[in-house]
Structure formats: C-alpha cells, structure tokens
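A.B. asks: Would you mind keeping the following structure in view while I ask a few things?
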Amino acid sequence: MKSFMIQGAKILATGSAIPSSSTTNHDISTIVQTSDEWIFTRTGIKERRLLKGVDQSIIDLAVSASKKALDKIAMHPSQLDLVILATSSPDDLFGSASKIQSKIGASNAVAFDLTAACSGFVLSLVTASQFLYTGAYRNILVVGADTLSKWIDWSDRSTCILFGDAAAAVILQSCSIVDNSVLTFQLNSDGNYANHLSIAYETDIIPHPKLNLHQGYFKYISMNGKEVYKFAVFQVPLSILKCLNSLNMSIEEVDWLLLHQANERILNAIAEKLSISSKKIISNLCKYGNTSAASIPLALDEAIKQNKILSNDIIVIAGFGAGLTWGTVVLRW
Ligand code: UT7
C-alpha cells in the first residue's frame, strides 16, 4: 500500500445528523413481544432515532451532517473533489451521492455511492484515502448514512429492536507523508455467508405475459443474529491484529477502539479478546442502536464533541456486517 503513496491523508472535520424523535425500547414493546429489559441486556440499546413522516429522507440527514463538517473548518463546498456516500438504503438505486453533491453545492466534485452495509464507512474511508495517497484528489467528503427503518419488518422482533437511522460525515484532506493519519487498513469479504444478513431481491413467480420476463421487489431485512454475532467476535479481532502487526504496534499503544455499533456484547467480547480495556471502547449505541454505515462516524463525531480523542491518539476502527464484509482502519488522530 505505502509504496504508492506520494502524500498522506488526514481527517479534518466530522459532522452528524439524526432524526428528531426518539423511539424507546418501551415503544417497540408496544408493537412486538419484547421488553426494555430483554433489549437492553442482549444489545445495550435503550432507544433509537427513526426517520418519520414523508418530509425528510436520508438525503436530508446526509446533507445536514455534511454541512456541519464543512462549517467546522469553514471549507467552501466547491473545494471538494469527491463525495462518497456509504449507504445500503439510498433513495435511488442508481445512487444518492449526486443529490448530496448538488444540495451542498459541491459543484466541482464527482459523487458515487458505495454499498457495503455496516462496513460501508470503513470501505469508503479506505477508498477515499487511496485517492489522496496518489495525489489524484485533495479534499474528499465521506458520508455514512443509513435509514434501514424503511427495510425493517416491524413485526420481526429479532431485527426491529436493533436498527436506527442516522448520517455522519468526515472530510479528508491530503497532507505530507509525515503527517499521514490513515496508517493502515485490512479488508475482507466472504460471500459464502451472504444469506446471514440480507435485504434480498425476490423475483415474481409469474413472468410478464408477453416477454417471459420476471420482475420483483426487495424484501425486508433478514438476519441470522447468532451467526453474525459469532462471525464478528471471531473475525474482527483477527483483522485488528493483522493491522497492528503490520504497524509493529502493540495493543497497549491503542487509545480508542471504535467498532461498528451493532451490539454492546459484541463490542465487549472483541475488546476482551484483544485484551483492550473496556474504558477504551467508544460506544453510543444505547442512544442510537445500530445505524449501519453511519454508526462509526456518528460515534467518532460524538467522541470528538466530548473531547475524548486527543491529538496523536491511536484509534482502531473496525466495521463488520452484511456481505459478509469486515475490515479495520488504524488512525493516528
Ligand atoms: O450490523 C451488523 C449486523 N448485526 C449484528 O451484529 C447482530 C448480531 N447479533 C446480535 O446482536 C444478537 O444475536 C441478537 C441481539 C440479534 C439476538 O440476541 P441473542 O442473544 O443471539 O438471542 P437469540 O437470537 O439466541 O434469541 C434468544 C431468545 C429466543 O427465544 P428462545 O428460542 O430461546 O425461546 C428468541 O426467540 O430470545 C428470543 N428473542 C427475543 N425475546 C424478546 C429474540 N428476539 C427477542 C426480542 N425480545 N426482541
């Protein structure tokens, strides 16, 4: 990777946006057979934000998060060269990134979507840094946004308790190699287990009468929670260790563990496997649930606002989810 680097990459600013109304575990217990106690003890989630009404969409959340990040550093949107939207719930299957590009006024940027479910932000961060390392681009906006509430079967208690809607953005800029803060990465996919977590397309059995053509529709989220849980706790520590080994970095040197916010028990199990103190885990899923591609940048933005992360801190970021896809990025803040 490093042999292609002619310059480094660093994160300049973050921003996030969440729907205004909160849905508690108690609210969910009025629609499916569950309880606040079950949800909290099994997942660590207390409440989540869901996009309600018809007047707001994933685009609005993504635009709001992006504007907050731009405002923090007083960057004019025309300075952006690239906008990457990590999402699995766009408003348009052809992609929603260009709508964000136009709404924020990033008139000089090319924009595309990157679909990798809950690993989408990690893959987008790595993708963005490649454009910066090679000198192709100078300023890149990466937005992780998902509104999975629109793909949830609200009668399925095994999934409807987990997810929330949100968007969060980071702005990356090229810098000299000595100031590079995206230190290394490690990415993986295993499509053999794709059916453990999917929003599958179902083809109609009856074809078009004249063309013999089968069309269909997307189904709700289906998940084998136990298998996804086991996969995350097994694979994520291995990916993190590969990254740390490649940097000759010890576990003790890690300041923050920022994992995809799927389940508090998964976060703790991964930290325990790595012998990382639970004090170093960044976690906010009790308030937002699993916000898919938004979860990591949302937690990052919040940790920055709380002044948790200090200059030069080592942050190990790892995403995992549908695909199955998982991966790690190590940052020096
Ligand atoms: O973004 C990445 C993707 N997703 C994940 O990372 C999810 C990973 N998996 C998980 O977080 C957990 O597997 C869940 C939270 C989804 C489920 O927790 P679990 O401890 O694995 O529970 P389970 O599926 O083994 O179910 C245990 C019991 C079952 O009852 P029986 O068969 O033992 O009688 C379920 O029917 O709990 C029942 N159950 C519930 N009970 C109350 C399942 N969902 C609920 C519920 N409320 N919402």
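Since every read-out is calculated from the coordinates, none of them should be taken as a lab result. For clarity, every value in this text was computed on a predicted model and none was experimentally measured. Every residue, glycine as well, gets a Cβ built from its backbone with ideal geometry; the counts of neighbours run over all protein chains shown.
A.B. asks: Considering Cα pairs under 8 angstrom that are at least six residues apart, work out the relative contact order of region 182-332 and quote it in whole percent. Can you show the working numbers first?
C.D. replies: Working: 248 pairs, mean separation 54.0, N = 151.
Over region 182-332, the number comes to 36 percent.
A.B. asks: What is region 255-333 by shape, rounded, prolate or oblate, if you read a ≥ b ≥ c off the alpha carbon gyration tensor as root eigenvalues and call it rounded for a/c under 1.5, prolate for a/b larger than b/c, and oblate otherwise?
C.D. replies: Values: a/c = 1.40, a/b = 1.24, b/c = 1.14.
Rounded shape, in that the Cα axes give a/c under 1.5.
A.B. asks: Given H placed 1.01 Å from N in the peptide plane, which residues other than close sequence neighbours of Leu114 have an amide H under 5 Å from its amide H?
C.D. replies: Leu85, Ala86, Thr87
A.B. asks: Near Lys226, which lysines are there with a Cα under 22 Å away, not counting those fewer than 8 places off in the same chain?
C.D. replies: Leaving aside lysines fewer than 8 places away in the same chain, those within reach of Lys226 are Lys46, Lys273.
A.B. asks: Further question on the same structure: Per residue of region 204-210, in order, report the coupling 6.51 cos²θ - 1.76 cosθ + 1.60 (Karplus, θ = phi - 60°) as ³J(HN,Hα) in whole Hz, putting x for Gly and Pro.
C.D. replies: 4, 6, 8, x, 4, x, 9
A.B. asks: Let me ask another. Mind checking which lysines have their Cα closer than 22 Å to the Cα of Lys103? Skip sequence neighbours fewer than 8 apart in that chain.
C.D. replies: Leaving aside lysines fewer than 8 places away in the same chain, those within reach of Lys103 are Lys52, Lys67, Lys68, Lys72.
A.B. asks: Once you sort the root eigenvalues of the Cα gyration tensor of region 78-146 as a ≥ b ≥ c, which label holds: rounded (a/c under 1.5), prolate (a/b larger than b/c) or oblate (the other case)? If you can, show how the numbers build up before the last one.
C.D. replies: Values: a/c = 2.46, a/b = 1.17, b/c = 2.10.
Since a/c reaches 1.5 but b/c is at least a/b, the shape of region 78-146 is classed as oblate.
A.B. asks: Mind putting together the pair-distance distribution for the chain? All Cα pairs, 20 Å bins, whole percent per bin, short to long.
C.D. replies: Bins of 20 Å from zero give 33, 58, 9, 0 percent of pairs.
A.B. asks: So, by mean Cβ neighbours within 10 angstrom, what's the order for 18-29, 37-48 with the highest one leading?
C.D. replies: On the way: 18-29: 16.5, 37-48: 18.1.
Result, highest mean first: 37-48, 18-29.
A.B. asks: Quick check on region 8-179: take the gyration tensor over C-alpha atoms, sort the square-rooted eigenvalues as a ≥ b ≥ c, and tell me if it's rounded (a/c under 1.5), prolate or oblate.
C.D. replies: Values: a/c = 2.41, a/b = 2.04, b/c = 1.18.
Because a/c hits 1.5 or more and a/b exceeds b/c, region 8-179 counts as prolate.
A.B. asks: OK, next. Can you tell me what share of the DSSP beta bridges in the chain is antiparallel? A percent to the nearest 5 is fine.
C.D. replies: On the way: 40 of 56 bridges.
The answer is about 70 percent antiparallel.
A.B. asks: Express the relative contact order of the chain as a whole percentage, based on alpha carbon pairs under 8 Å and six or more residues apart in sequence. Numbers along the way, then the final one.
C.D. replies: Numbers: 800 pairs, mean separation 83.1, N = 333.
Rounded, it is 25 percent for the chain.
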